[in-house]
Amino acid sequence: MSTRVRFAPSPTGLLHIGGLRTALYNFLFARHHGGSFILRIEDTDQERTVPGAVENIIEMLRWVGLEFDEGPHVGGPYGPYVQSQRLELYRQQAHLLVERGSAYYAFDTPEELERMREHQRRAGIAPKYDRFSMRNSFTLPPEEVRRLLSEGAPAVIRLLVPLDRQICFHDLIRGEISVHSRDIDDQVLLKSDGFPTYHLANVVDDHFMRITHVIRGEEWIPSTPKHILLYEAFGWEPPQFAHLPLLLNPDRSKLSKRHGDVAVEDFRRQGYFPEALLNFVALLGWNPTADRELFTLDELIASFELTKVNRAPAIVDRNKLDWLNAQYLRRLPLERLARELQPYLSQLGYPEFPQTYLMRAIALLRERVNRLPEIATFGDYLFIPPRSYDWDYFRKHWHEDLPQWLEELIRVLEQTEPFHAELLQQRIREFTESRGQPLRALVHPLRLILTGKSVGAGIFETMEVLGKSECIRRLREFLASQLPIFMEYLRTAV
RNA sequence: GGCGCAUUCGUCUAGCGGUUAGGACACCGCCCUCUCAAGGCGGAAACGGGGGUUCGACUCCCCCAUGCGCUACCA
């Protein structure tokens with residue numbers, strides 16, 4: 001039997017990195033075993049379904065490169081892959097269980113259920129559906145049940161959970177897990193609106209879609225025994241289960257928006273690479289080898305082992321993501337980076353640049369930032385003349401002969417050909433040394449004048465990228481209009 | 001409250017009865033250096049607690065503590 005796994009999100013919001021990791025582990029497991037990776041949309045709660053969520057999930061997974069073999073967007077032999085389109089199947093299966101005596105009708109109103117729970121709370125016992133005191137097939141005479149049903153009274157179908165039984169299953173990650181049936185509620189399977197609950201739909205679909213391994217978050221451990229019971233009631237072979245540890249906020253709470261961005265879309269917008277994000281979430285709860293951090297998707301596939309997934313929850317650490325992203329920024333081909341940088345520049349209102357110029361700019365700055373868009377901000381001076389100047393920095397390196405030197409330097413630069421970093425450094429060193437000054441006497445003022453800032457790439461490399469005419473233009477402009485401002489600043493600052 | 005799952009540096013983790021408890025991120029220091037990075041070198045930093053089992057426990061068992069999850073006609 002070939003391996004078949006599914007990623008089965010509820011379309012209740014944007015795909016977040018917890019979901020991304022679940023999808024990734026399913027994907028890795030499927031590819032590692034040469035099996036199929038299936039997308040199924042679990043939209044059985046009409047209330048919570050949000051428009052556009054399905055599209056977001058599909059788009060984000062496509063962005064990171066996790067391709068599905070079957071799903072609502074690609075089709076497949078076991079469709080439809082959206083639960084709201086399979087209602088008749090669930091209804092049939094639920095009634096089948098009733099006929100077999102594994103499930104029963106219940107007619108309680110929400111108010112009645114609430115009263116029951118209130119009673120139980122006051123009595124200090126665990127809230128649980130009381131099969132023997134509520135209005136259902138057990139307590140009502142058969143003809144009354146028939147009457148209510150034929151009149152179309154609101155009814156649900158509940159699972160008949162055995163009274164005294166230990167229910168065990170083997171979890172591929174955690175080993176044997178065992179729960180007593182008395183701690184399991186008579187779960188609603190079919191709601192009064194005709195929709196199935198998660199439990200019914202999930203089990204029915206996993207069976208009919210021939211799912212062999214259920215890999216999902218650990219929040220599902222407590223309901224797995226219910227699922228086992230359902231498989232038994234149907235007479236189906238249950239799949240293998242593997243429950244993944246949760247992803248947590250830095251304060252150990254369940255991952256949430258309150259602690260920063262968690263949606264995959266947010267990370268994309270901030271300029272993280274899909275490779276880096278995938279690499280990052282892959283390492284949250286599992287690692288192929290302890291002595292390496294960077295892995296391609298193919299490498300992850302090759303070494304993925306479900307049994308080596310950790311059991312303890314993992315805290316999402318942005319530092320590590322930033323570092324990983326920086327590693328990719330330094331390795332990815334310049335052509336691609338240049339292509340991806342231009343939109344960020346356009347967003348900032350900068351003009352279009354030739355690909356070769358962008359490539360040189362990126363090569364100059366990629367080791368100094370973590371994310372591609374930071375090149376547009378950290379290195380703004382490569383795309384637009386400085387609009388403000390760090391006067392403090394300039395003052396630190398100020399010399400009263402500086403204006404005169406700069407005038408002379410412009411003439412030196414005019415004659416520097418080729419305008420390459422090495423030659424520039426050589427010429428400027430000759431220039432300063434002939435005036436009894438160290439190289440830095442000009443390095444820092446030049447950095448300020450050309451970039452406006454005190455930090456950046458090597459100044460000679462920066463000059464080479466900017467090009468001769470731009471450097472000279474900025475120098476002239478500075479001498480003409482900025483120097484007087486600085487002199488004024490000097491007077492008032494002292 | 002009940003049930004379940006978990007517990008190695010701040011974080012991600014290696015370890016699968018005998019180790020100076022290893023690596024990575026972050027942090028600190030030094031070197032390099034035109035600034036900032038990058039890089040190199042070094043530092044600080046962990047087995048939650050208590051009982052067992054064993055010649056010997058981070059590793060196996062039990063209890064406790066703590067954290068988290070579930071306890072819906074939500075998933």
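The values are calculated or read from the model by the stated rules, or taken from the named source; none is laboratory data. If you're wondering where the values come from, they're calculated on a predicted model, not measured in any experiment. Counting neighbours? That spans all protein chains shown, and the Cβs are built from the backbone with ideal geometry, glycine included.
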In the stretch A:379-399, what residues are within 13 Å of RNA strand B (Cβ to nearest atom), in contact (Cβ under 8 Å) with a residue 60 or more places away in the chain and either closer than 30 Å to A:PRO343 by Cβ or assigned to a loop (DSSP other than H, G, I, E, B) (or both)? A:GLY379, A:TYR381, A:ASP390
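Conditions tested, residue by residue: (1) over 15 Å from A:PHE7 (Cα atoms); (2) in contact (Cβ under 8 Å) with a residue 12 or more places away in the chain; (3) among the aliphatic types (A, V, I, L, M); (4) away from RNA strand B (no atom under 15 Å from the Cβ).
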{"site": "A:GLU42", "(1), (2), (3), (4)": "no, yes, no, no"}
{"site": "A:ARG48", "(1), (2), (3), (4)": "yes, yes, no, no"}
{"site": "A:PRO77", "(1), (2), (3), (4)": "yes, no, no, yes"}
{"site": "A:ARG91", "(1), (2), (3), (4)": "yes, yes, no, no"}
{"site": "A:ARG100", "(1), (2), (3), (4)": "yes, yes, no, yes"}
{"site": "A:MET116", "(1), (2), (3), (4)": "yes, yes, yes, no"}
For the stretch A:457-469, check the following and say yes or no: at least one residue is within 16 Å of A:HIS397 (Cα to Cα) and not acidic (Asp, Glu). yes
Can you confirm whether A:TYR344 is in contact with a helix residue (DSSP H, G or I) (Cβ under 9 Å, 6 or more places away or on another chain) and either among the small types (Gly, Ala, Ser) or assigned to a loop (DSSP other than H, G, I, E, B) (or both)? no
May I ask you to list the residues in the stretch A:287-309 that are part of a loop (DSSP other than H, G, I, E, B) and in contact with a strand residue (DSSP E or B) (Cβ under 9 Å, 6 or more places away or on another chain)? A:VAL309
Which one is nearest to A:GLU218 (Cα to Cα) among residues in the stretch A:136-158 that are within 11 Å of RNA strand B (Cβ to nearest atom) and touching a helix residue (DSSP H, G or I) at 6+ places or on another chain (Cβ under 7 Å)? A:ILE157
Of all residues in the stretch A:195-224, which are near RNA strand B (Cβ under 9 Å from one of its atoms), touching a Gly at 6+ places or on another chain (Cβ under 9 Å) and closer than 20 Å to A:LEU97 by Cα? none
Identity of the residue in the stretch A:420-436, away from RNA strand B (no atom under 12 Å from the Cβ) and free of Cβ contacts under 8 Å to residues at least 24 places away in the same chain, that ends up farthest from A:TRP405 (Cα to Cα): A:LEU423
Among the helices (runs of 4 or more DSSP H) confined wholly to the stretch A:402-494, which include 1 or more residues that are at pLDDT 95 or above and surrounded by 14 or more Cβ atoms within 10 Å (Cβ to Cβ)? A:402-414, A:421-433, A:440-451, A:459-466, A:468-477
Given the structure, is A:LEU348 over 22 Å from A:TRP323 (Cα atoms), loosely packed, with under 14 Cβ neighbours inside 10 Å, among the aliphatic types (A, V, I, L, M) and out of contact with any strand residue (DSSP E or B) (no Cβ under 7 Å at 6 or more places or on another chain)? yes
Of the residues that sit in the stretch A:159-181 and are within 8 Å of RNA strand B (Cβ to nearest atom) and without any contact (Cβ under 8 Å) to a residue 60 or more places away in the chain, which one is surrounded by the most Cβ atoms within 10 Å (Cβ to Cβ)? A:VAL179
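Taking the conditions exactly as written (surrounded by fewer than 16 Cβ atoms within 10 Å (Cβ to Cβ) and aliphatic (A, V, I, L, M)), does A:LEU294 satisfy them or not?
yes
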